[in-house]
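Here the structure is laid out as structure tokens; the discussion comes afterwards.
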Amino acid sequence: MLKSFLHSFTKTLALVTISTVTFAQKGNYYLSHFTASDERIDYLTFGMAQDAKGVMYFANKNGVLEFDGRNWKLIGTSGPMFTITTSGQDVFLGGLNGFGKIAIGPDNIRSYQSLSQNQSEGNNIFSSLAINNKVYFSNSHVVYVLSPTSGAVESVIKVKPPEELAGLLEVTGSVYVKSTSGILKVEDGKLIPSNFPWKDNLTIEFSASSPTSHFTLLSVTGGRLFLASADGLKEINVADKDFLIHNIPIAANWLTDELVAIGTLRGGIIFINPQTGVTQEVTNYYTGLPDNEVYSMMVDRNQGLWVAHDYGFTRVAPFLPFSSFSHYPGLDGSLLCAKTFHGETYVGTTLGLYILVKQDVTQEVFINPSTSSKGKGSRKKKGLFSFLRKNTVEESSTQKKAGKYAVKLASYVYRRVAGIDGKVTQLIEYNNQLLAAGIFGVSTIEAAKSTPITLVPVRSVYVSNSLGELLASTLEDEIKSFAPKAKGWKETNLLDTLNDYVSYIFEDKFQNIWLCGRTDAIKVETVDGEIIAVERVPFSNPTIDESVGISYGNEVYVATGGSFHHYNIKENVFKKYDSLPGPKKYFASAGYFWFNDGHRWRTVDPRKQAAFKLEWLGLFPNIRYIAPADQGNLWVITANNELYKFSNGLAQQYKNDYPLFLREVRAQQSKIVPSHSIIVSQLENTVDFEFIQPDFLGMRAVEYRYQVKGLSKDWTLWASSNNIVNFSYLPTGKYKVDVQTRDLMGKISKVEEIALEVEPPYWRRPWFYLIEVVFFSAMVFLSMRLSAGNKKYRIISQLLSLLTVIMVIQLVQAAVNSQLTIKTTPVIDFFIQVGMALLVLPFENYLRRFMSRARKEQA
């Protein structure tokens, strides 16, 4: 379907309108894509739900998929699951072989528990609903009403053939069901006629109730939408009604009272304002969605829309402060830089320079009323997934005339800037001019046209405020300079004697120009626009890496070789600077220096750090480019070739945190149920505690650290991988496990302390030593009786006496160790054992005298 859609798009582009005035470019919604690691899993998904802990569940062809933000798990069922809903803490499902819920067994294994064993007609459940402390399931003949607390079926509502049911609806807090005879209301265990004022040729396809208001969105045939409330029905004047007619809506979800998402079979998702009908966004293949065919949708607790499609799952985040600018048509090549100039967006790539322009890209579709169904759509249930076949009625001939209609696919496109044929690495602004630089040379840009300054390929350019000239380092290791004139630019040859590799150029507050090389930096001193001196300043530990620099206050810093260097003016050398964390990644752009310290992106100036809210960039550990945009926003290019604009004003959006919890305890030789008090045997080679705080922004959005009291007084470092606490070996004793998480904003969450007790094996426990003492004491007594009759048993009696003394020593030592837990060394253990032996020595002497006296008496 996707290939045919793309082919159709390339053939039927039409109705293009280009705006030449300044406009607001908002970008596309931020998308996150999720796929399970198991390639055997089919992504045919019919429904989604989220439990109280934030864990996602997917009603899937293969069973139930579980996803906590890190781990995927397939919960086996007796057949495909077609519908899913939640009530309180429980997740209920219906499918081919009945309905049930997710249950947690005594071994903490989540499994599917059937609740329809006694229901003879309870198969092929394809619709469910949880409302008013009831759970409803339906197939084509029966509606079941369950108690969510007990799971018991409270009532069974059947219809008489040939009437069939087609799905449950929630409308303004009441439960309805679609049927071949119309819309019926479920009330007091019965089906009664509803009072919807529909005409005969209109059918409700689906409904979506707002969680924060009394409105319910109703989708009916012909691409029409209605708002239902206690006051009645109000039709929404949908601006892009043709889009809905052509692409066949299948589901809707409310994100806010002013934003509703409508999923379609072949056009992706359209977001509209339900109060005005105005389209806010279309999320489809052209804006980053892998597939235009939507299986199902759901809104999570952070106002993110989950979309199931043939390539996995996509989370659309309309309220995240990132908007995508890399999926508009016309943009080619790997992205290298971006800039906002005079309200326009420019993007430099490996293939040239592009400008984003207002342009409605539409697809012409032909509607033939003679082939469209008139009246109600036929829904014959044939086949396993027949309930998914949506009514393809577009509109009757009285509502829509035959002919071609335009369906909008995109609102903006990229146009190539003429004259730029090569890699664009820099976009800078000077004297109300936009300059582009790269392999093609340097050019001035005006709208979609360019005027060359030089055709020599350049590595880096900089406009000096002190000289008032443009400096460019070329690929031939030359430094060229150009001065602005009334018409164009003129080469001045200020630094034509320098022939060095220069990767970056910047200027300090003392009017010194710095040219960063591999092993040193060239300092160009200027006074009143004239060059007075040129000297080289070496790096204390030179490398072959490219270097970049920044001037901050009175200081000059250079980053090279994975470390920062500070300019020592007295010694005229760059020395390694340890006051800043060593950058894992770093680069400079647009006069700013950016680096990642392994946890977050930072700048040298802490004021800029707070102003730009750089903590949000922790979503992207691999960033290639950062630069300021308009109104304090940022342009961000990631290693995945995505271009985002970070909107500072949206960074204050409220975010619901999911709880941190102990998900699983894994041991090699036994099953351990997660709890706040855990006992394990020392025989376990490894024991793993896995903690999870669900988060679906990104894998690096949440970092973990832990501390094991009784083993260490220190916390581990913050790391996204520290959610697993591994114990390969622990001495016997009692411990406390503390775990904390830190999100993007630095907010720390913690879980209740876990008590861990490591027990020795049974043969090292006091009760086992006591049994041994009793046993050997009995053997001593028996040997004494035997030795009275035969002297050869005396040696056995003495040996058993010695073993009894040893067992007594072990008993005392085990009893003491069970009460005291101290760290020891082999030397200390030796002296402890000697001390134990001395304590038992009186008992040994008494036993020896007793045995000697007994032998004499028997003699």
Full-extension gain in nm, Asn431 to Leu717, via 0.36 nm per residue minus C-alpha separation: 98.2 nm
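Using unit Cβ charges (K, R positive; D, E negative) and no other charged atoms, how large, in debye to the nearest 20, is the dipole of the range 552-606 about its Cα centre? Working shown, then result.
Numbers: 7 positive and 5 negative charges, 36 e Å.
Once rounded to the nearest 20, the dipole reads 180 debye.
Given the convex hull of the Cα atoms of the range 163-232, what is a quarter of its surface area in nm²? The partial results should precede the final answer.
Details: hull surface 19.8 nm².
The number I arrive at for the range 163-232 is 5.0 nm².
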Zone residues, the range 278-308, relative to Asn237, backbone N less than 18 Å from point 7 Å out along Cα-to-Cβ: 278-280
Charge sum, other residues only, whose C-beta stays under 13 Å from Asn648's C-beta, Lys/Arg counted +1 and Asp/Glu -1: +1
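Taking the range 475-542, which trypsin sites (Lys or Arg not before Pro) meet the DSSP loop condition and have no more than 14 other C-beta atoms within 10 Å? Spell out each step's value before the answer.
Working: sites: Lys480, Lys485, Lys487, Lys490, Lys509, Arg518, Lys523, Arg536; in loops: Lys485, Lys487, Lys509, Arg518.
Answer in residue order: Lys485, Lys487, Lys509.
For the range 78-121, what number results from the quotient of the Cα radius of gyration and 2.2 N^0.38 Å? Walk me through the numbers on the way to the answer.
Details: Rg = 10.8 Å, N = 44, 2.2 N^0.38 = 9.3 Å.
Dividing the Cα radius of gyration by 2.2 N^0.38 Å gives 1.16.
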Square roots of 5 times each gyration tensor eigenvalue, C-alpha, the range 20-173, largest first, Å: 31, 22, 16
Spin-label pair Gln609/Leu838, simplified geometry with 7 Å Cα→Cβ offset, distance in nm: 5.8
J(HN,Hα) series, the range 494-501, from Karplus relation 6.51 cos²θ - 1.76 cosθ + 1.60, nearest Hz, glycine and proline x: 5, 10, 6, 7, 7, 9, 9, 6
Debye log10 I(q)/I(0) at q = 0.19, 0.22 Å⁻¹ for the range 309-356, Cα point scatterers: -0.76, -0.87
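So what's the range 294-334 giving for Cα Rg divided by 2.2 N^0.38 Å, two decimals?
Values: Rg = 13.0 Å, N = 41, 2.2 N^0.38 = 9.0 Å.
Here the answer is 1.44, to two decimals.
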Euclidean distance of C-alpha centroids, the range 609-652 and the range 144-215, integer Å: 47
Net charge, Lys423 excluded, C-beta distance under 15 Å - Lys, Arg +1, Asp, Glu -1: +1
J(HN,Hα) series, the range 235-248, from Karplus relation 6.51 cos²θ - 1.76 cosθ + 1.60, nearest Hz, glycine and proline x: 7, 8, 7, 6, 5, 10, 5, 4, 4, 5, 4, 6, 9, 6
Cut-off under 5 Å, modelled amide H: who pairs with Glu164 long-range: Thr180, Ser181
Base-10 log of normalised Debye intensity for the range 574-641 (one unit scatterer per alpha-carbon) at q = 0.14, 0.25, 0.28 Å⁻¹: -0.40, -1.25, -1.54
Tyr43 accessible area, 1.4 Å probe, all protein chains in place, Å² to nearest 10: 30
Point-charge dipole on Cβ atoms (K/R +1, D/E -1) for the range 239-318, about Cα centre, debye to 20: 80
Which of Ala559, Phe574, Val527, positive extreme of dipole for the range 473-586 (C-beta unit charges): Ala559
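Ranked by accessible surface with a 1.4 Å probe, highest first, in what order do Trp767, Trp718, Trp514 come? Let's see the in-between values first.
On the way: Trp767 125, Trp718 40, Trp514 0 Å².
From most exposed to least exposed: Trp767, Trp718, Trp514.
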Leading residue at positive end of dipole, the range 216-259 (Cβ point charges), from Val220, Asn253, Val238: Val220
Per-bin percent of Cα-Cα distances, the range 169-276 [5 Å]: 2, 12, 23, 25, 19, 12, 5, 1, 0
Under 9 Å, Cβ to Cβ, from Ala719 - net charge with Lys/Arg +1 and Asp/Glu -1: 0
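The values are calculated or read from the model by the stated rules, or taken from the named source; none is laboratory data. Remember, predicted model here, so these are calculated numbers, not experimental data. Glycine also receives a Cβ, built like all others from the backbone with ideal geometry; neighbour counts cover every protein chain displayed. Accessible surface areas use protein heavy atoms only, side chains included; no ligands, DNA or RNA. Shrake-Rupley method; radii C 1.70, N 1.55, O 1.52, S 1.80 Å.
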